[in-house]
Amino acid sequence: MVESLEIGWNQVEQIVDSALAEDLGSGDVTTEALVPANQEGKAYLRAKSEGVLAGMGVATMVFHRVDSALRVKELVADGSRVHPGDRLAAIEGKVASILRAERVALNSLQRLSGIATQTARYVEAICGTKALITDTRKTAPGLRILEKYAVRVGGGHNHRQNLGDGVLIKDNHLVALRSRGVGLGEAIEKARQHAPRALKIEVEVESVEQAQEALSAGADIIMLDNMNLEDMRQVVELARGRAVIEASGRITLDSVCAVANTGVDLISVGALTHSAKALDISLDLETK
């Protein structure tokens, strides 16, 4: 299963413009005071640590939104593994424009490359199993489209983009329903009656007994929340292809291989986005 690396550039443009407005404020007073408006130069984006590159198109957009006359040559494509010292892109034009764009371009590239790198580590850790690594909605507000793109670049897959993408009955939904005398099986039936017919019904469970109830009620996907390995294996055996089985909850690089070997189909990992360390990338300026 390979997911498309396409991205909605109109939405990305809005994100970039918002980030530039935030960073530039009333203007780059330092650059305006010190750098002549007509000074030309060249800069390189350079990797300072090893990882998987993501967000080159976003960085290029940042430079062009600041100054459409800047000439950006991408030297490395998204999805490539980079090493310290690698030149990632060359930017030529007004030095002042390059400096105004520098921080937003680097923030975007570092953040997205960190997510792609983190995702690639998880994907590599389960190599040889049938499981797929997926993300969650634990993304930075306003940046979901970019962060989920970076997950795909790293070899992972996207779970729901938003709350309208699928039915996911979680513990707090069940708490609310139980107060009205509605059980798990009835909740699944109610969701199937009222949600759009094309949507899958997923249920979060915490025990083998709950998983059995969800299977009996015809859930399409069973999410095993913080379940131990033996219970996961038991649910996989009970399901026997009747539902997709997803593991979730406090899964780390150290534990993900053992989880994958239980036979689950999906492993959702919030750490892909909420805990990824930014990849170290710099911009080095050369004046003419």
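Label sites at residue 275 and residue 171, each approximated as a point 7 angstrom past Cα along Cα to Cβ, lie 1.7 nm apart.
One quarter of the convex hull surface built on the alpha carbon atoms of the chain amounts to 17.4 nm², the projected area averaged over directions.
What does the C-alpha gyration tensor say about the overall shape of the stretch 127-274? Classify as rounded when a/c is under 1.5, otherwise prolate if a/b is larger than b/c, or oblate. Because a/c hits 1.5 or more and a/b fails to exceed b/c, the stretch 127-274 counts as oblate. The helix-only estimate of mean residue ellipticity at 222 nm for the chain, built from DSSP H runs of length n ≥ 4 each weighted as -39500 (n - 2.57), is -13000 deg cm²/dmol after division by the residue total. Here's the picture: charge each Lys and Arg Cβ at +1 and each Asp and Glu Cβ at -1 in the stretch 94-178, and of 101, 145, 156 the one pushed furthest to the positive end of that dipole is 101. Remark: spin-label model distance residue 192-residue 87 equals 6.1 nm, labels positioned 7 Å along the Cα→Cβ axis. Working note: Karplus 6.51/-1.76/1.60 with θ = phi - 60° gives the stretch 83-89 the couplings 10, x, x, 5, 7, 9, 7 Hz, where Gly and Pro are set to x. As an exercise, use a Förster radius of 41 Å and the Cβ-Cβ distance of residue 240 and residue 48 to find the FRET efficiency, rounded to the nearest 0.05. In this case the efficiency is close to 0.25.
Ranked by the mean number of other Cβ atoms within 10 Å of their residues, highest first, the peptides 136-144, 50-58 fall in the order 50-58, 136-144.
Distance between the modelled labels on residue 29 and residue 69, one decimal in nanometres: 2.7 nm (7 Å Cα→Cβ projection). The peptide list 15-25, 106-116, 205-215, put in order of mean Cβ contacts within 10 Å with the highest first, becomes 106-116, 205-215, 15-25. If a/c stays under 1.5 just call it rounded; otherwise compare a/b with b/c (prolate if a/b is bigger, oblate if not). Do that for the stretch 1-91, with a ≥ b ≥ c from the square roots of the Cα gyration tensor eigenvalues. Note, shape of the stretch 1-91 comes out oblate.
Legend: calculated FRET efficiency, residue 76 to residue 228, from the Cβ-Cβ distance at R0 = 45 Å, rounded to 0.05, equals 0.60.
Please report how far the C-alpha centroid of the stretch 19-66 lies from that of the stretch 152-173, rounded to the nearest whole angstrom. Each part reduced to its Cα centre gives a spacing of 33 Å. On the basis of the beta-carbon distance and an R0 of 22 Å, residue 250 and residue 200 show a calculated FRET efficiency of 0.35.
Every number in this text was worked out from the coordinates using simple rules, so none of it is lab data. As the structure is a prediction and not an experimental result, all values here were calculated from the model. Heads up, the Cβs are rebuilt from the backbone with ideal geometry, glycines too, and the neighbour counts pull from every protein chain shown.
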